[in-house]
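What follows is a set of notes on a single structure, which appears directly below.
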Amino acid sequence: MRVTLISGATTYEFLLGEPGGARGSSLQFSSTEELAVFLAPILRDPANHAGVASLRRALFTDSAASMVRPGAQDTDLARRYAQVFRRQGGLIHGMAPASAGGGVGAPPPVSIPPKPMPPLTPAVHDVPLTEFQILDVTFTSDHDKLKDYDRDWKNLGKRFSKPEWRAGANHPISHNQDKKVALKVKFKAGPPEGRTQYGVLTGKGPFYLAFDSGRRFISPGENTLSLECPKELPISIVKRREEIAWTLKLEKDGVLDGGSTGPHVIFCTYDAPRDDQAGKRQEDGVTSKRMEAAVELAAEIDTDVPHKLVDHLMGMFPRYSLSTSPKIPPQYGHPSYQNFEGGGWAMAQFREPGECQAIVRFVTGVIRQLGVPGESESVVVYAHPDAPQTAREDPLRPGSGLTAVAILVGESRWKAALTDQIVEEGAFYPPSHSRLDGGKSPGFNSYEACLKFTEGGRTIYYAGGAGQKLSAEHTLHCFKQLIWMERVAHPAKGDGIIVRKVLARYS
Amino acid sequence: MPVFDDLAYWWTCIDAAPAESWKEVRPDALDAQVRADSEYWCRQQLVSDALPYLPGRKEAIAASPSAEGTPHTPVRLDLLRHRYKVDDFDLELVEGRNFTLLRLPAPRVLQGSTAQRGAEIHRLARMLMTGPWTFLLPGTIGEGIQFTSNPDVLPDETFSWKERGDGGIRAGKLWFLCSRRIPDIVGFHNGMQWFSDEFRGQLLR
């Protein structure tokens, strides 16, 4: 950028971002204050209005520029221009005497006597850069959703602040497994009077955290560069902890070592976590504890096939459970996991079977945390007495399945049920799954509760204790029969069931 | 055969437990599964101030084991009983595997107008239980009445215990009952098999 401004009878050319541009003939100022004194009348002069505006735009951001428009505080104003102008390595050349109204031509340079400098202090442009310090690292390609709560499974805490790394702070990120890592690195080069020059900033970590800025303009003071690693993160759901070693190779002053940043914790996920249901679902919400658990669980199988991941998660719970476990603290509400402690997430900790709906909520929580594509839902599969051979499927909710399917037969109330053992018409049975010598009594069920997972056009039903099924029909065949039954009170055995009619047999 | 009535069956079984069948037990001596079930359902169904097992709460716990019926005595269920104070009320909590029953002396539900008695019933229900119920009360509130929040559904045909709450006045005491409904099965679990054989053996010694 070049802009021409006048001071009294002299025209000056201000140069920014043009290294090497006639540096030898530029004016020398021993301090910011000296430059400010020089600038003050120039900034004040109405003849320079347009030129000063150009200079302001070149030196300051929009927001900063609004604060440095010429006004009453001329001295402060000039000082701020001087500071930034010097920091950015600007040069000033004296030109021909100004023509009326200021000029933009290219008259021959006039001779401005250089200010005498102390003999042992080299000129600004001769001081080498010898200091290099990384100030902070801000990831720009991460998901920016991770919250800092790890005390328990609740969805609490605040998003980790940026920058992720700076002195005294180091925050984890979550990031797509197959995307390139991009970041902004802020560093300081010094000493302040050091010379501006070209240089290359490199960050050396594993191949997926290797950065090279290319030839960039390096000034004394703070510099910020945006970098992107040329290689993607490997395809793997995993927690990574890596350091990056930084060096600055300067064209004039050699290689400076900036030390290392990190270890940077990167939770590599399939995609951005899905958390848009956090107001409705306890399990939605991205916290460091949940992310740690989700990545750890997925890392156990390390697959990019969502169905395999769901199969692995379901494998943690070989069956559904309707019984409370004494091993799990009561505040978690096992087996329903209806609680205010993060809902189903505690299943990652206790790994005890729970109700189907709880397992579905947990699995859904994990796959949404990892940004896994696909949808999971709780469904019930059953057959109705109206069509005993036809499998029906409902969302798991009040009124679904056979919970309220009953008919009055005379004074008796017959209820529909699906059995898990062969039963006989007219026989009396104790309540479902009563302890018997050598086993358990038949179960009289309202439905088979399933996790239904659909991804890539493929649906699988995960039936509790019955493994994977490819359809509702297959799931129905977990049962032996569809029957009408009646609850009765046996004078010695208590309440029980008489099988009134077998409507269908499945296997 | 008349329709099976869960409430009547449970009341018969509770009444069938003779005084000598109740044995005091320390909370830490309870069967672990029973304790877990008890805590789970109580946390679901009772407000936190009305919970047994609260630290510092002086409660007396007793258990009565199940027994088969005879021609002269009805079936008995595995039952747990807690007696403790909530505010100024002497509360009795009787648990079976399939229900939670609260009993308390509440003289004010037998005083004043019907509206005042009804209001007192609802006040106490909300003071003790989480159930969001409005009971359908009879025209006259007095000894022996029984009421429910939902006469349209039987307890064993609900999807959740929250769909129906029951209560009444019996022997001068107000009672509330919540089922422990598991929708996956038709009917309820075996209420005679809540306790482990080992725990039942300890009670019978």
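The values are calculated or read from the model by the stated rules, or taken from the named source; none is laboratory data. Because the structure is predicted, anything quoted here is derived from the model rather than measured. Note that we place each Cβ from the backbone using ideal geometry, even for glycine, and neighbour counts take in every protein chain shown. These accessible areas exclude ligands, DNA and RNA; they are computed on the full protein's heavy atoms, side chains included. Shrake-Rupley method; radii C 1.70, N 1.55, O 1.52, S 1.80 Å.
Observations on the structure shown:
- Comparison of A:GLY205, A:GLY168 shows that the only residue that is at negative phi and of a type in the set (Gly, Ala, Ser) is A:GLY205.
- Hey, A:GLN331 outside any loop (DSSP other than H, G, I, E, B), open to solvent by 10 Å² or more (accessible area, probe 1.4 Å) and at pLDDT below 90 or not: yes
- Sole residue being touching a His at 6+ places or on another chain (Cβ under 8 Å) and part of a helix (DSSP H, G or I), chosen from A:LEU297, A:LEU309, A:LEU313: A:LEU297
- Conditions (1) within 14 Å of chain A (Cβ to nearest Cβ); (2) within 16 Å of the chain's Cα centre (by Cα); (3) without any contact (Cβ under 8 Å) to a residue 40 or more places away in the chain; number of the one not met by B:ILE61: (1)
- Being buried (at least 21 other Cβ atoms within 10 Å of the Cβ) and touching an Asp or Glu at 6+ places or on another chain (Cβ under 9 Å) holds for only one residue in A:GLY203, A:GLY262, A:GLY190, and it is A:GLY203.
- Residues in the stretch A:284-305 that are open to solvent by 10 Å² or more (accessible area, probe 1.4 Å) and either under 26 Å from A:LEU470 (Cβ atoms) or among the aliphatic types (A, V, I, L, M) (or both): A:ALA293, A:ALA299, A:GLU300, A:ILE301, A:ASP302, A:THR303, A:ASP304, A:VAL305.
- Any chance A:THR261 is among the polar types (S, T, N, Q), in a strand (DSSP E or B) and touching a Ser or Thr at 6+ places or on another chain (Cβ under 9 Å): no
- Selection of strands (runs of 3 or more DSSP E) fully inside the stretch B:90-183 by the criterion of at least 2 residues being surrounded by 18 or more Cβ atoms within 10 Å (Cβ to Cβ) and small (Gly, Ala, Ser) returns B:165-170.
- Reported count of residues in the stretch A:425-454, each being assigned to a strand (DSSP E or B) and open to solvent by 30 Å² or more (accessible area, probe 1.4 Å), is 8.
- Considering only residues in the stretch B:1-32 that are in contact with a Pro (Cβ under 6 Å, 6 or more places away or on another chain) and assigned to a helix (DSSP H, G or I), the one that is nearest to B:GLY131 (Cα to Cα) turns out to be B:ASP6.
- Considering (1) open to solvent by less than 10 Å² (accessible area, probe 1.4 Å); (2) over 20 Å from B:LEU124 (Cβ atoms), the lone condition that B:PRO52 does not fulfil carries the number (2).
- Every condition in (1) touching a strand residue (DSSP E or B) at 6+ places or on another chain (Cβ under 9 Å); (2) open to solvent by less than 60 Å² (accessible area, probe 1.4 Å); (3) more than 29 Å from A:ALA406 (Cα to Cα); (4) away from chain A (no Cβ under 14 Å) is met by B:GLN202 except one, and the failing one is (2).
- Scanning the stretch A:375-424 for residues that are closer than 19 Å to A:ARG500 by Cβ, open to solvent by 40 Å² or more (accessible area, probe 1.4 Å) and facing another protein chain (nearest Cβ under 9 Å) gives A:ALA404, A:LEU408, A:GLY410, A:GLU411, A:ARG413.
- Cβ separations smaller than 6 Å between residues 6+ apart or across chains give the following pairs from the stretch B:21-48 residues that are more than 14 Å from chain A (Cβ to nearest Cβ) to residues that are assigned to a loop (DSSP other than H, G, I, E, B): B:VAL47/B:THR130.
- Qualifying residues in the stretch B:184-198 (those that are more than 10 Å from chain A (Cβ to nearest Cβ) and more than 28 Å from A:GLY399 (Cα to Cα)) - the one most open to solvent (accessible area, probe 1.4 Å): B:GLU198
- Of the residues making up the stretch A:340-359, those that are farther than 12 Å from A:SER325 by Cβ and either away from every other protein chain (no Cβ under 14 Å) or under 22 Å from the mean Cα position of the chain (by Cα) (or both) are A:GLY342, A:GLY343, A:GLY344, A:TRP345, A:ALA348, A:GLN349.
- Scan of the stretch A:474-494 for residues that are over 16 Å from A:PHE444 (Cβ atoms), in a loop (DSSP other than H, G, I, E, B) and more than 7 Å from chain B (Cβ to nearest Cβ), ordered by number: A:HIS477
- Scope the stretch A:290-320; condition within 14 Å of chain B (Cβ to nearest Cβ) and touching a helix residue (DSSP H, G or I) at 6+ places or on another chain (Cβ under 9 Å); matching residues: A:TYR320
- Flag for A:SER236 being small (Gly, Ala, Ser), modelled with pLDDT under 95 and open to solvent by less than 30 Å² (accessible area, probe 1.4 Å): yes
- Residue pairs whose Cβ atoms lie under 6 Å apart, separated by 6 or more positions or on different chains, with the first residue in the stretch A:34-52 and polar (S, T, N, Q) and the second open to solvent by less than 40 Å² (accessible area, probe 1.4 Å) and at pLDDT 80 or above, are A:ASN48/A:LEU5; A:ASN48/A:ILE42.
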